[in-house]
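Structure first, then comments.
Derivation of every value follows stated rules applied to the coordinates shown; laboratory data play no part. Since we're looking at a predicted model, the values are computed, not measured. Glycine gets a Cβ as well: all are built from the backbone with ideal geometry, and neighbour counts include every protein chain shown.
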Amino acid sequence: MSEEGRPAPKGRGSPINPPNRFDKTHHEADWEQLEHDEDYLAELSRPKTEYRADKSKSIVSENDSPDIPFRFSLNPYRGCSHGCSYCYARPTHEYLGLSAGLDFETQIFVKHDAAKLFREFLSRPKWKPEPIVLSGVTDPYQPAEREFQITRQCLQVALEARQPMDIITKNSLILRDLELLREMAGLRIVRAFVSVTTLDAELARTMEPRTSTPKARLTAIRTLADAGIPVQVMVAPIIPGLNDSEIPGILAAAADAGAQGAGYVLLRLPLAVAPIFMAWIDEHRPTAKRRIENAIRATRAGTLNSSAFGERMKGKGLIAEQVEKLFRTFVKRLGLDRPMPGTACHLFRPPGPCGQQWLF
């Protein structure tokens, strides 16, 4: 049973479904009344993924955070069935009246009109082309993409318009679009950033239950690099006391696979993410809980999160400094300190109306 007293969900990253912080009233289930209803409890332990239509009227978001190295992003989905227990985006589901826990990974909102909205955005006279990131919040190649192909449709619009795109993913499904990405790379309008959190398949299976295996992600890096697509490995997040010792191994494996560069983000646990991740540790790493929690707090001035600009992505304190030094040492040693190639923004041309292809 999970910390809430409900059956622990199988194949999910969050063991709990914490209350929405915006709700004025919270309901607490009485699981004792169901302790003998084995069929019902078994059903609850295997929550299904549900897809809902998202009616957003815009698709490109803009941010001005000094901690984020891009200005514009496009997210084809809300929620993410990858179910990473540490995902910083979980609290965004609370704005939809849902929970940051199981709801975030089982209630997925699909932006069916994304390609049409993207085309309209790129056709604006005021648009001055610069790279747009796919996706920045939830993974554009999460399992939903197999069925809905929203990411692929947006990339097809980008290719037509010669709009530079940066893709962030931890799913080898990106290789489905290899030929499309190869054509974009020939125009210098695409770069890929593949997240590798651990080389331990068992850890990945429980902490990131519906992502690609570490081996598959390294294969994706190799295949993208061999196809001439600029690719960088992201060691993200680095979790002090859990996967920080893997930094040299991950970087070496990524360099061997052909990655051109590397970046990292230190774990941050905003709002509801903190109880979700700590519940995950309780279930999967109980004997190491105190060590991991103390190490995390040591990078956040005694707390589990810091929202201060300049430190929320890298942390501060001795452990944070040691992580950065270790990372930088091996990045330089392995030749991963090369900057990613720039993108050809000058090739941009406004896309035609929906369904119309360029003739010249």
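Laid out as a table, the results:
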item: Amide H within-cut-off set for G13, under 5 Å, with H built and near neighbours excluded; result: none
item: Structure-based [θ]222 nm, the chain - -39500 (n - 2.57) summed over DSSP H runs of at least 4, per residue, nearest 500; result: -9500 deg cm²/dmol
item: Normalised contact order of the range 48-337, rounded percent, pairs of Cα under 8 Å and 6 or more residues apart; result: 17 percent
item: If the convex hull is drawn through the Cα atoms of the chain, its volume per residue in Å³; result: 144 Å³
item: Gain upon complete extension [K289, E321; 0.36 nm per residue less C-alpha separation]; result: 9.3 nm
item: Difference of contour (0.36 nm per residue) and Cα-Cα distance, E202 to F309; result: 35.1 nm
item: Above-threshold pairs, the threshold being 32 Å between Cα atoms, out of K170/K314; K10/K116; K126/K316; K48/K314; result: K10/K116; K126/K316; K48/K314
item: Global form of the range 119-236, assessed from the alpha-carbon gyration tensor, a/c cut-off 1.5; result: prolate
item: Lys, Arg +1 and Asp, Glu -1 on Cβ, resulting dipole of the chain about Cα centre, debye, nearest 20; result: 1560 debye
